[in-house]
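Single-structure report; data block below.
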Amino acid sequence: MQYRADKNAPIGLFDSGVGGLTVLKYLINLLPKENYIYFGDTLRVPYGEKTKDELFSFVTEILNWFKSHNVKIVLMACNTSSAVVLEEIKDNYDFPILGLIEPTAEHIAGLDADKIGVIATSATIKSKAYSQQIIKLSPLKEVYEIACPGLVEIVENDITHTEQAYKKVFKYINPLIEDQVEKIILGCTHYPYLEEIINKFTKSPNMLVDPAQHLTEQLIHKLKELDLLNNSSNSYRKYYVSTAPDKFVKAGQRFLADCKEAILINPIK
Ligand code: DGL
């Protein structure tokens, strides 16, 4: 049966905290007429240090909540959820659910670069989702994956421009530079907040690949295919969190000025 939804219905997207705002920024630029509901699970950040069972249960709660808001599509603006939970959960809902790994792997497979670095959370790296998808599409590529515990907390605590941040970024990026990777996937949506520092250690600014761009392209394609693009002129964006809305807004505004107010919902029901 053809999937039917209202064009005006919102797009739902979520992350453990402010990371997914880096995805929303792309969306607002390319699809400004859409309505968006953003959920940041600030109570349970960092997702990258959680087990698969914990993540499955958090994401189920969030998707049920989106369902009650009649969303037309959901984006996992979180690599950890995309890597660990998406495959198992995506068919449990009427609405389509898109993640970051697949569209990024497709982009990488088409590039003329053989050595690919990935920086991401411990859970994403443990899942090997990026390396498996890339090698499936392009078996000759070499993928170097580095888990980066601690970077998400630096972004959430809004201390990206400190010596602590600089040292941690160097520790994680340097092995990739020594391995002479040609591209580095920012495999956690929090990492674009650290792009300026990461670029201090890379050979060229064009080395970084932001999966948000490729997810946005996939979304546009999907909405066109389903005839669900919204063209109304009064679009809205709403931000929800599971704790500390003021802290979320302060850190999030560094990336997305549109995020001026967040609504506290806890429990998410
Ligand atoms: N920003 C998310 C990701 O892309 C989650 C990070 C975390 O909470 O550990 O993986």
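The values are calculated or read from the model by the stated rules, or taken from the named source; none is laboratory data. Just so you know, these numbers come straight off a predicted model, no measurement behind them. Note that we place each Cβ from the backbone using ideal geometry, even for glycine, and neighbour counts take in every protein chain shown. Note: areas computed on protein heavy atoms with side chains; ligands, DNA, RNA excluded. Shrake-Rupley method; radii C 1.70, N 1.55, O 1.52, S 1.80 Å.
Structure values in brief
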| item | result |
| --- | --- |
| In segment 198-213, the residues that are open to solvent by 70 Å² or more (accessible area, probe 1.4 Å) and within 20 Å of Gly19 (Cβ to Cβ) | Gln213 |
| Enumeration of residues in segment 127-146 that are in a loop (DSSP other than H, G, I, E, B) and more than 20 Å from Ser81 (Cβ to Cβ) | Ser138, Pro139, Leu140, Lys141 |
| Pick from segment 147-160, criterion part of a loop (DSSP other than H, G, I, E, B), touching a residue at least 12 places away in the same chain (Cβ under 8 Å) and more than 14 Å from Ser122 (Cβ to Cβ), ranking: most open to solvent (accessible area, probe 1.4 Å) | Asn157 |
| Qualifying residues in segment 214-252 (those that are part of a strand (DSSP E or B) and among the aromatic types (Phe, Trp, Tyr)) - the one least open to solvent (accessible area, probe 1.4 Å) | Tyr239 |
| Verdict on Tyr193 being aromatic (Phe, Trp, Tyr) and under 21 Å from Thr80 (Cα atoms) | yes |
| Members of segment 4-53 found to be over 26 Å from Ala129 (Cα atoms), aliphatic (A, V, I, L, M) and either modelled with pLDDT under 95 or open to solvent by 40 Å² or more (accessible area, probe 1.4 Å) (or both), listed by number | Ala5, Leu30 |
| Per-region count, segment 59-89, residues within 21 Å of Val155 (Cα to Cα) and not in a strand (DSSP E or B) | 7 |
| Pairs where the first residue, in segment 215-240, is of a type in the set (A, V, I, L, M, F, W, C) and the second is at pLDDT 95 or above and part of a helix (DSSP H, G or I), C-beta under 7 Å, 6+ apart | Leu215/Val23; Leu215/Pro103; Ile220/Leu30; Leu229/Leu223 |
| Residue within segment 199-207 that is modelled with pLDDT of 95 or more, over 17 Å from Leu13 (Cβ atoms) and within 16 Å of the ligand (Cβ to nearest atom) present | no |
